[in-house]
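The next block holds one structure in the form of structure tokens; read it before the comments.
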Amino acid sequence: MSGKTARLSIPGAAAELELPVLSGTMGPDVVDVQALTANGYFTYDPGFVSTASCESRITYIDGDRGILLHRGYPIEQLAEKSDYLEVCYLLMYGELPDAGQKKRFVDVVMRHTMVHEQLQFFYRGFRRDAHPMAIMCGVVGALSAFYHDALNITDEEHREIAAFRLLAKMPTLAAMSYKYSIGMPFMYPDNTLDYASNFLHMMFGNPCEKTKINPVLARAMDRIFLLHADHEQNASTSAVRLTGSTGANPFACIAAGIAALWGPAHGGANEAVLTQLEQIGDESRIPEFIARAKDKNDPFRLMGFGHRVYKNFDPRAKVMKQTCDEVLSELGLEKDPLFRIAQKLERIATEDEYFVQKKLYPNVDFYSGIILRALGIPTNMFTVIFATGRTIGWIAHWHEMISASYKIGRPRQLYTGYTPRDYVPIDRRP
Ligand code: CMC
């Protein structure tokens with residue numbers, strides 16, 4: 001509570017309504033509008049652009065200044081000095097682990113990487129050309145049918161077991177969806193590897209040979225997971241919270257998050273970036289696509305540019321760009337035609353007046369798409385990788401909500417449909 005109040009005068013009401021103004025530790029003050037309902041009003045806020053749906057201690061974003069903090073730590077420092085599993089610990093428990101805590105955490109995660117053997121038959125029910133995100137929505141939702149020994153969401157220990165299972169098994173499930181699509185045997189996890197290397201092993205290994213993991217590429221994979229770990233109340237995290245607020249089990253909640261992430265305006269953007277680069281096809285066609293993006297009568301958008309909250313720059317994109325350069329140079333891909341298109345597009349768009357004026361900068365998905373392609377990951381797996389990295393954020397938010405007092409999420413509406421009218425029998429309808 002800030003001690004401040006906001007006064008709202010409502011036409012026809014006897015007195016002004018006094019609404020408390022709340023202050024967080026950072027960020028703008030928030031007008032608490034909960035008292036409105038009792039007075040017969042709601043707020044109208046399509047897209048929730050002016051609505052805080054919850055109180056949270058996990059992640060802070062200042063879009064204008066390009067700041068992203070996890071539990072207070074700047075993303076640039078975490079990306080440079082930490083690793084994905086350490087950030088997972090931080091998001092889940094609120095503090096960085098000491099050496100013993102980190103070792104135990106990594107050990108537990110890496111001992112839960114295997115999935116129930118029966119799950120592979122679940123995969124076999126899908127067509128081989130199914131989109132891996134479609135498979136992930138189904139398979140992650142189905143996990144509750146395989147691990148129903150720890151589904152009591154009011155039990156702290158059950159919640160923790162579910163969290164470990166989700167974090168540990170997502171890379172395995174993701175890699176299985178890829179292996180299934182190309183008709184190769186599923187790879188068992190190798191728990192002697194680190195999280196990112198193990199994922200690359202399950203994606204690109206085969207049972208007949210020992211997998212060789214390039215440490216530069218493993219580090220890039222780890223960074224991709226880390227930079228996607230959490231982003232406060234975005235669409236998919238809000239979907240997880242909303243689903244969780246009904247008391248649904250954590251696997252169902254994460255499946256809801258995966259479904260929300262799939263859209264091209266959210267996690268589907270990294271896939272859309274690559275599809276668009278392929279459509280552009282040649283550097284000479286870049287001006288044509290830039291012109292389409294600027295045309296008010298054309299719904300076309302340049303994928304990988306712009307962000308709902310970052311109106312200056314996306315701090316994740318800065319780090320991702322550096323990793324992108326490292327990976328392209330490690331693989332000798334600087335001259336690859338597609339990557340040259342990407343680099344030229346980035347240059348032109350960041351200098352173009354339309355993009356500069358509207359504050360449309362390359363976002364994290366622009367660079368992550370390019371890195372993933374360089375790693376040899378097929379385009380339709382990109383959003384699956386985003387989902388894998390984001391799983392910890394979803395879990396942390398779900399856990400934070402369930403551990404405190406919460407209400408079922410139930411937005412209201414401004415009804416603009418018909419007023420009451422009488423049913424018309426079918427033979428008398430116009
Ligand atoms: N290309 C061309 N014009 C754009 C673009 C773009 N990528 N993004 C926004 N605009 C224009 C838009 O047409 C609008 O113009 P006007 O004011 O003349 O109507 C103005 O910029 C503001 O756009 P908006 O749609 O009101 O902005 P928003 O905050 O609602 O949308 C966004 C944010 C990310 C959905 C949007 O920028 C977009 O569609 N970008 C492309 C998709 C993309 O890269 N998404 C990944 C986001 S990062 C990953 C994540 O965090 O999920």
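Computed from the coordinates by the stated procedures, all read-outs in this text should not be read as laboratory data. Being a predicted model, the structure only gives us computed values, none of them experimental. Glycine gets a Cβ as well: all are built from the backbone with ideal geometry, and neighbour counts include every protein chain shown.
Once both labels are positioned 7 Å from their Cα atoms along Cα-to-Cβ, the gap between K296 and E95 label points is 5.6 nm. Using +1 at the Cβ of each Lys and Arg and -1 at the Cβ of each Asp and Glu in the chain, identify which of A396, S53, N297 lies farthest towards the dipole's positive end. Looking along the dipole axis, the top candidate is N297. Note on E283 and T37: the extension gain reaches 83.0 nm, defined as 0.36 nm multiplied by sequence separation minus the Cα-Cα distance. Taken about its Cα centre, the chain carries a charge dipole of about 720 debye when Lys and Arg each add +1 at the Cβ and Asp and Glu each add -1 at the Cβ.
Need one word for the range 309-430: rounded, prolate or oblate. Basis is the Cα gyration tensor (sqrt eigenvalues a ≥ b ≥ c); a/c below 1.5 gives rounded, then a/b vs b/c decides.
Judged from the Cα gyration tensor, the range 309-430 comes out prolate (a/c at least 1.5, a/b above b/c).
Applying the Karplus relation 6.51 cos²θ - 1.76 cosθ + 1.60 with θ = phi - 60° to the range 26-33 yields 3J(HN,Hα) values of 8, x, x, 5, 10, 7, 7, 9 Hz, where x marks Gly and Pro.
Stretching the chain fully between I348 and R7 yields a gain of 118.0 nm (0.36 nm per residue, less the alpha carbon separation).
Here's the picture: charge each Lys and Arg Cβ at +1 and each Asp and Glu Cβ at -1 in the chain, and of I426, A79, A130 the one pushed furthest to the positive end of that dipole is I426.
Taking square-rooted eigenvalues a ≥ b ≥ c of the alpha carbon gyration tensor, is the range 196-354 rounded, prolate or oblate, where a/c under 1.5 means rounded and, failing that, a/b exceeding b/c means prolate? All intermediate terms of the calculation are to be shown ahead of the outcome.
Details: a/c = 2.04, a/b = 1.11, b/c = 1.83.
Oblate shape, in that a/c is at least 1.5 and b/c is the bigger or equal ratio.
Computed over the Cα atoms of the range 1-142, pair by distinct pair, the Kirkwood hydrodynamic radius stands at 20.3 angstrom. Per residue, the convex hull around the alpha carbon atoms of the range 55-115 comes to 108 Å³. The relative contact order of the chain, computed from alpha carbon pairs under 8 Å that lie at least 6 residues apart in sequence, is 19 percent. Highest GNM mean-square fluctuation among I290, I75, I58, for the chain modelled with Cα contacts below 10 Å: I290. Between the Cα long axis of helix 235-244 and the first principal axis of the chain there is an angle of about 70°, rounded to the nearest 10. Contact order for the range 135-220, expressed relative to its length and based on alpha carbon pairs under 8 Å spaced 6+ residues apart, stands at 20 percent.
A simple spin-label model places pseudo-atoms 7 Å from Cα toward Cβ; at A145 and Q118 they are separated by 0.9 nm.
Springs between alpha-carbon atoms under 10 Å, Gaussian network over the chain: tell me which of L331, L360, L167 tops the mean-square fluctuations. Result: L331 has the largest fluctuation of those listed. Each Cα pair under 8 Å and six or more residues apart adds its sequence gap; the mean of these over the residue count of the range 172-286 is a relative contact order of 14 percent.
Each label was represented as a point 7 Å from its Cα along the Cα-to-Cβ direction; for H158 and R127 these points are 3.8 nm apart. Its Cα gyration tensor gives the chain an equivalent ellipsoid. The semi-axes, each the square root of 5 times an eigenvalue, are 37, 29, 24 Å from largest down. When +1 charges are put on Lys and Arg Cβ atoms and -1 charges on Asp and Glu Cβ atoms, the dipole computed for the range 331-417 relative to its Cα centre reaches about 360 debye. Please check the chain for the longest run free of GluC sites (Glu not before Pro) that are loop-located per DSSP (anything but H, G, I, E, B) and have at most 16 other Cβ atoms within 10 Å. The answer is 210-333.
Cα-based values for the range 97-157, radius of gyration first and Dmax second, are 15.5, 46 Å.
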